[in-house]
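Have a look at the structure below before the remarks.
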């Protein structure tokens, strides 16, 4: 009989991923980012602080990128650019967005004036 693995609390893992992503974006872009207000099933960006971008964060070993992107598109407000920020254990953060949104993203003031790493 195989030993059972302890059940991972997906909400806690999601919260941890959102906090980690917020920290990375703050350091990278030089603007204060924080975890969004997800509660009671009310949608919203997982990370806020980058005006014009709707971040959906996935911190999982088997990310379902297209499903996550569809969620980001549905939840994005107005002209916000839907972006999925994702990473697996021991791997760097990656983002997924539409190819034609790269130009829009590059024109955002926060991106153009971000400190050089």
Check: Using the 10 angstrom Cβ neighbour count as an exposure proxy, how do 22, 10 rank, fewest first?
Finding: 10, 22
Check: Which of 34, 11, 87 comes first, and how do the rest follow, when ranked by fewest Cβ neighbours within 10 Å?
Finding: 11, 34, 87
Check: What list do you get for 66, 97 if you sort them by fewest beta carbons within 10 Å?
Finding: 66, 97
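Antiparallel as a % of all DSSP beta bridges within segment 46-117, to the nearest 5?
Beta bridges within segment 46-117, antiparallel portion: roughly 35 percent.
Here, each number is a calculation from the coordinates, and none is a lab measurement. On a predicted model such as this, the values are computed, not experimentally measured, just so you know. Ideal geometry is used to build each Cβ from the backbone, glycine not excepted, and the neighbour counts take in all protein chains shown.
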